[in-house]
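Okay, structure first, notes after.
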Amino acid sequence: MSDKTNEKNKLETLEKRVQELEKENAGLKATLEQEAQEHEKVSMDLAIGLSEAFVVLQKISQGDFSVRASEDVENELLARLGVVINRTNDALSAAKAQTQNMIKELATPVIRVWDEVLVLPLIGTLDSQRAQHVMETLLERITKDGARIVILDITGVPYVDSLVAANIAQTMEAVKLVGAEGMLTGIRAQVAQTLVKMGVKITGVETKSNLAEGLKEAFRRLGVKAIQEKQPGD
Amino acid sequence: MAVKQLDALGIKCPQPVLKIAAMLPDMKAGEILEVVADCPTFEKDVRNWCQRLKKTPLWFRDEGGGKVRCQIQF
């Protein structure tokens, strides 16, 4: 075989190898492009998922517990994040509801001071919403305990206007309708003056200066005698 | 209303979008964020992000040298 033929064969072999390498290179390039595309998709999905989680957390931080994070997403990390956010949201929402219930209960402490005698000492401002709650709680307790006399003590209510007076009158009216007698105690001098100046009248309700007087009247009506024990040395 | 600024130059996507996301707690509804970035997929990614997060991309401007500026209304 001549040198020329040898050279030709070598060249052909090299050309074949170049073609193979080019093919291999094209394959690798395609794989790399595909991987880059997949990487970009995953990255964007993560970025958007985190953004959505941010939005949900922002709403929760503003007290909106109705929002839900996505749990049914392809990315496992985002799905877990969604689950944790929703669990936190549920716990916060439950804690808020519990606190509200506690506040409601504390706002209407109905006390059974004697058989058939209930006292409701009100403290703080009495708006329409609270007045409605007071009425509901009181009527429920009257029915449950079979109370005959109910004393609404407003010593701790700093301000009584016409709306509050109307709410109190309505409550007392409702007390009568369920078969009990209502009594209003603790109208402070300042409150009494305000009511007179405003021309507000609380009609049809027996009033007493303080809770002690109210209790005495309740015992008198029930025929109960309260005897004060003598102190040693008296 | 002042337009808030965000510099996302020199970082690759999705980091600019994550930086925008991190601004979410500071942005009120209707406020505008201006972002400048030089990531090649920035415009596409921001448009995608805005669509998913229901935000409004106001405009995109090619400032040359791969730099893109945009405004987003929250």
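Listing for the model above:
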item: So A:A131, is it more than 30 Å from B:D45 (Cα to Cα) and of a type in the set (G, A, S); result: yes
item: Filtered residue count, the range A:53-80, keeping only those that are within 13 Å of another protein chain (Cβ to nearest Cβ) and open to solvent by 60 Å² or more (accessible area, probe 1.4 Å); result: 6
item: Boolean, A:A107 is in contact (Cβ under 8 Å) with a residue 24 or more places away in the chain and either outside the structural domain of A:G124 (by TED's automatic domain parsing) or surrounded by 10 or more Cβ atoms within 10 Å (Cβ to Cβ) (or both); result: yes
item: Residue in the range A:123-143 that is in contact with an Asp or Glu (Cβ under 9 Å, 6 or more places away or on another chain), surrounded by 12 or more Cβ atoms within 10 Å (Cβ to Cβ) and of a type in the set (D, E) present; result: no
item: Residue pairs meeting the criteria (Cβ under 7 Å; at least 6 apart or on separate chains; first at positive phi, in the range B:16-42; second modelled with pLDDT under 90 and open to solvent by 50 Å² or more (accessible area, probe 1.4 Å)); result: none
item: Number of the condition not met by B:K12 [criteria: (1) within 10 Å of chain A (Cβ to nearest Cβ); (2) open to solvent by less than 40 Å² (accessible area, probe 1.4 Å); (3) part of a loop (DSSP other than H, G, I, E, B)]; result: (2)
item: Scope the range A:152-163; condition buried (at least 22 other Cβ atoms within 10 Å of the Cβ) and not in a strand (DSSP E or B); matching residues; result: A:V160
item: A:N86 vs. criteria surrounded by fewer than 13 Cβ atoms within 10 Å (Cβ to Cβ) and either charged (D, E, K, R) or part of a helix (DSSP H, G or I) (or both); result: no
item: Selected residue (criterion: nearest to the other protein chains (Cβ to nearest Cβ)) from residues of the range B:17-68 that are surrounded by 15 or more Cβ atoms within 10 Å (Cβ to Cβ) and in a loop (DSSP other than H, G, I, E, B); result: B:T41
item: Yes/no for A:T207 being in contact with a Leu (Cβ under 6 Å, 6 or more places away or on another chain), of a type in the set (S, T, N, Q) and open to solvent by 40 Å² or more (accessible area, probe 1.4 Å); result: yes
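Residue-wise test of (1) of a type in the set (D, E, K, R); (2) under 24 Å from A:T125 (Cβ atoms); (3) out of contact with any helix residue (DSSP H, G or I) (no Cβ under 9 Å at 6 or more places or on another chain).
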{"position": "A:S162", "(1), (2), (3)": "no, yes, no"}
{"position": "A:A165", "(1), (2), (3)": "no, yes, no"}
{"position": "A:I168", "(1), (2), (3)": "no, yes, no"}
{"position": "A:M172", "(1), (2), (3)": "no, yes, yes"}
{"position": "A:A189", "(1), (2), (3)": "no, yes, yes"}
{"position": "A:V196", "(1), (2), (3)": "no, yes, yes"}
{"position": "A:K201", "(1), (2), (3)": "yes, yes, no"}
{"position": "A:L211", "(1), (2), (3)": "no, yes, yes"}
{"position": "A:E217", "(1), (2), (3)": "yes, no, yes"}
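The values are calculated or read from the model by the stated rules, or taken from the named source; none is laboratory data. All values reported here derive from a predicted model rather than from experimental measurement. No Cβ is skipped: glycine too gets one built from the backbone with ideal geometry, and neighbour counts run over all protein chains shown. We work out accessible area using only protein heavy atoms, side chains counted, and drop any ligands, DNA or RNA first. Shrake-Rupley method; radii C 1.70, N 1.55, O 1.52, S 1.80 Å.
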